[in-house]
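Here's the structure we're looking at; comments come further down.
Quick note: the coordinates plus some simple rules give every number you see, no bench work behind them. As the structure is a computational prediction, the values presented were derived from the model and not from experiment. Counting neighbours? That spans all protein chains shown, and the Cβs are built from the backbone with ideal geometry, glycine included.
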Amino acid sequence: MRFTGTVKSFVSARVRTVVCNAAVCGVAVAAAVSVSTVATGAADGAPTEPAPGTSGLDPALAVSYTLASNEARAQGVPLWITSGKRSDAQQRQLWRDAIAAYGSPEAARRWVLPAEESPHVRGDAVDVGPREGASWLEAKGNRWGLCRTFMNEWWHFELATTPGTPCPPMWPDAAVRADRLARH
Ligand SMILES: [Zn+2]
């Protein structure tokens, strides 16, 4: 798959689903289009190759991460995906390994979620490295809507804000968020 003129529509469509209401929709879409144009330099229609590791991710996340990783490369910052989309079977194995490592499901859940709760299985999360690149992405990623989401995982990022606006506060860990979501 190659991203061409669809970069803008992927990003702005995602923004519309996340935040569109009468007050902010127009602003958000305009911001998304300007962000993608500036970041890719693709106003002339030049194709942008998806970044390694984005296969299987939600298209909006794949595009946003690709734009961020292009900018990181331009700035000489090392950044790569260590884990993106995971299969159900992969997540189940990680879950079993985590229970063994942490001693109980309750302890494991802070670090690895069961397959049915994991954003990686849905294609909605990327883990990145090295630490330098993750720090850069934490500082700059909101330009593309990318945010670090958990205080205990410096490597884990999701699409969590409108491009160009601040990221929401981090959750303490994945278990806290999953429990909160399950109650609503
Ligand atoms: Zn993760």
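For this structure, a couple of remarks:
- In this label model, Asp97 and Arg183 are separated by 3.2 nm, measuring between points 7 Å along each Cα→Cβ vector.
- Counting only Cα atoms, segment 55-180 measures 43, 28, 24 Å along its principal axes, largest extent leading.
- For the pair Asn152 and Ala107, the difference between a 0.36 nm per residue extended length and the Cα-Cα distance amounts to 14.9 nm.
- Take 58-67, 122-131 and order them by the average number of nearby Cβ atoms within 10 Å per residue, most first; the result is 58-67, 122-131.
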